Amino acid sequence: MGGVLHVCTGNQARSPIAERLMEASLWDRFGEIADSIFVTSAGTQGPADRPIQPLAAAELKRRGISSDGFVSQLLDLKAAERAHLVLTATRQQRDEIVAQLPSALRHTFTLRELAWLVGGLRPDEVPGRYPVERLANLARVTRRRRGYLQPLAPEQYDVADPMGGTRQDYRIAAAQIEEATEAILGVL
């Protein structure tokens, strides 16, 4: 499978926003080549087959991105194992995945953690001729930077949870996701 797997708890707010924002940004940056990068999402606790939360859909729509056809799914550890990157909303979700699948440590980050790790990288520092090749190499390049950069406060690695909140809570979460996504894609 490869590609990017976004993970949150229920796969109804943060990870679907991340999935759709990344797909749109990839398309804006690379056009049709973006179709070579598989982007999906899942939840650690479900429920499966549910639509995106209405306020999450509204936030995507406000940004000109469709949520049509989205249904939640439970995390499949085999998909996490095959992904080039697993990007979680929180440290807790990252830790849950790694506890169940230790080999995923090499390519599992919180979304905001990976954005922090790519800070200061230039696209030519990530090997590969095409975006999909650079994506496949991104985890290896950034993994080496762990331990060499001044760490952030732990809570800065997490995306705010908007579930049960207001439109503003969804706007804040989407802004955090978008900022991190743009930083990550900026090195592809």
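The values are calculated or read from the model by the stated rules, or taken from the named source; none is laboratory data. These figures come from a predicted structure and were not determined experimentally. A quick note on method: Cβ atoms are made from the backbone with ideal geometry, for glycine too, and the neighbour counts reach across all protein chains shown.
The table that follows gives values for the structure above.
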{"item": "Selection status of VAL7, in contact with a Gly (Cβ under 9 Å, 6 or more places away or on another chain) and of a type in the set (A, V, I, L, M, F, W, C)", "result": "yes"}
{"item": "Residues of segment 130-168 classified as within 16 Å of ALA89 (Cα to Cα) and assigned to a helix (DSSP H, G or I), total", "result": "4"}
{"item": "Subset tally (residues that are among the aromatic types (Phe, Trp, Tyr) and more than 11 Å from GLN12 (Cα to Cα)) for segment 40-82", "result": "0"}
{"item": "Residues of segment 118-167 classified as exposed (fewer than 11 other Cβ atoms within 10 Å of the Cβ), of a type outside the set (Ser, Thr, Tyr) and without any contact (Cβ under 8 Å) to a residue 40 or more places away in the chain, total", "result": "9"}
{"item": "Residue within segment 67-89 that is farther than 25 Å from TRP27 by Cβ and of a type in the set (Ser, Thr, Tyr) present", "result": "no"}
{"item": "ASP95, sole failed condition from (1) within 19 Å of SER15 (Cα to Cα); (2) of a type in the set (Asp, Glu); (3) touching a residue at least 60 places away in the same chain (Cβ under 8 Å)", "result": "(3)"}
{"item": "Flag if VAL39 is modelled with pLDDT of 95 or more and touching an Asp or Glu at 6+ places or on another chain (Cβ under 7 Å)", "result": "yes"}
{"item": "Criterion (touching a helix residue (DSSP H, G or I) at 6+ places or on another chain (Cβ under 8 Å), modelled with pLDDT of 95 or more, crowded, with 20+ Cβ neighbours inside 10 Å and not β-branched (Val, Ile, Thr)) met by exactly one of LEU85, LEU101, LEU77", "result": "LEU85"}
{"item": "Residue in segment 169-185 that is among the small types (Gly, Ala, Ser), surrounded by 14 or more Cβ atoms within 10 Å (Cβ to Cβ) and part of a loop (DSSP other than H, G, I, E, B) present", "result": "no"}
{"item": "Filtered residue count, segment 82-116, keeping only those that are assigned to a helix (DSSP H, G or I) and in contact with a strand residue (DSSP E or B) (Cβ under 7 Å, 6 or more places away or on another chain)", "result": "9"}
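Here is a yes/no grid of residues against (1) over 16 Å from GLU182 (Cα atoms); (2) touching a His at 6+ places or on another chain (Cβ under 8 Å); (3) crowded, with 23+ Cβ neighbours inside 10 Å:
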residue: ILE17; (1), (2), (3): no, no, yes
residue: GLY31; (1), (2), (3): no, no, no
residue: SER41; (1), (2), (3): yes, yes, yes
residue: PRO47; (1), (2), (3): yes, no, no
residue: ARG50; (1), (2), (3): yes, no, no
residue: PHE70; (1), (2), (3): yes, no, no
